[in-house]
Structure formats: structure tokens, C-alpha cells
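Below is one structure, written out as C-alpha cells; the observations come after it.
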Amino acid sequence: MARYTDASCRLCRREGEKLYLKGERCTTNKCSISRRAYAPGQHGQGRKKLSEYGLQLREKQKARRYYGVLESQFRKYFDMAVKKKGITGENLLQILELRLDNVVYRMGLAASRPEARQLVRHGHFAVNGKKVNIPSYLVKLGDVVTVKDKSKSSPKMKDNKELAAGRPSPKWLEYDTEEMTGKIAALPLREDIDLPIKESLIVELYSK
């Protein structure tokens, strides 16, 4: 499957804000946005006013990069959001939040979404007692995400357990610090999602 393999920091610079793709590094003065707050490339420092389409496109790209989703998959999620009852933009963000890699990140068991994706791929997690190693797996209301028993004793998971203890979980996710389990107690609402995404612009882009 295709995936982005270039420097993660280039994505943050392209969007002009921190996407928190490198975990703790993003909160230090090593962050590329702190040092070079302009888009990468030869013409990155040139000021260019975006058209209406440009604004919509950048918002869509920003959302994709926050969650680490490829274009075809993002479009699939949008089509799912259209078919659901409610506001399409909010439905889209809700679907993205329910990806297994994002849930692992929200549980605090990874410093970033890319790290959470890697941990899921390596088979460290189970959903309702069944091993799942697909980062894009969509959890449902009432599902329980757990760290596999063999994985709990690994140095990485021990470090991440301490990391999780210092990070609050969102309202829709009940996380047990000691057992390292998370239950989807409710579906995430727009006010529960702390990302600066203008989802209405994404809807406008795909509705043309």
C-alpha cells in the first residue's frame, strides 16, 4: 500500500501549523515550524493569496495529514459521512476519530498518530479480545481496545503507560490507566475534537 515516506516536518511547514506528527519533538524548539515557519521549496517564502478552492484544498490536506490518511481513503470516509444522518462535516471527523490508530493515540499510548499506527501494525492491540493490526479499523460504540498481555511488559509500552497517565482522555473514551484498556463510551462530538479543522470547507470542496 502506498504511503508518505518523506520528512514529516515538511507536511507541517506546508500547512503552516503543527500537525504533531513527531510526538514530543513538536513541543520543543527543534520543531521545524519554530525554526522555519514557511512552506518548503524554492518559493516557500513567497506570499500568495489563496483562492476559494485553494483554501478548501488546504483544509482537506490538513485533515488528511493530521490523521495520516491517503486521498482515496479520505474520499471513502467522506462518502460514508454523506450517507450518515447529521452534519456531513462532523460525521467525517467522527469517522476519522474512530480509526483504531487514532483511538490508541487518544488513549495516550503513543506520542503521535504515526507511532500509534506503527504499534497497531505490529499487533500490540486487540478489540473486544480479538487481535487487530489494521490501523484504519473503525471501532464502534461499546468496543473495548486493550493492549495485548505480551505487549504490556515491553519497554516501549511501559514508557507509553507513563505517558498516558499524564494525558487526559477525551470524554467519549473511558481509559483505565492500570489495565491499559479503553472503552468507546460514546460517539465523539464536534466539541470533543480539539483539532483546528474547518470541516465545512472540506464539504464545500467535495460538493462541487
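The values are calculated or read from the model by the stated rules, or taken from the named source; none is laboratory data. Note that the coordinates shown come from a computational prediction; the quantities given were computed from them, not determined experimentally. Reconstructed Cβ throughout: ideal geometry from the backbone, glycine too, with neighbour counts over all protein chains shown.
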* With respect to residue 97, is the statement that it is acidic (Asp, Glu) and at pLDDT below 90 true? -> no
* Verdict on residue 203 being buried (at least 17 other Cβ atoms within 10 Å of the Cβ), at pLDDT 95 or above and either outside any helix (DSSP H, G or I) or under 15 Å from the mean Cα position of the chain (by Cα) (or both) -> no
* Asked: Residues in the range 165-201 that are under 23 Å from residue 118 (Cα atoms), touching a strand residue (DSSP E or B) at 6+ places or on another chain (Cβ under 7 Å) and of a type outside the set (Asp, Glu): how many?
  -> 8
* Quick one: which residue in 138, 109 is at pLDDT below 95 and hydrophobic (A, V, I, L, M, F, W, C)? => 109
* Extreme residue, farthest from residue 196 (Cα to Cα), among residues of the range 54-74 that are under 18 Å from the mean Cα position of the chain (by Cα) and exposed (fewer than 14 other Cβ atoms within 10 Å of the Cβ) -> 72
* Asked: In the range 145-165, which residues are farther than 10 Å from residue 109 by Cα, within 19 Å of the chain's Cα centre (by Cα) and not polar (S, T, N, Q)?
  -> 145
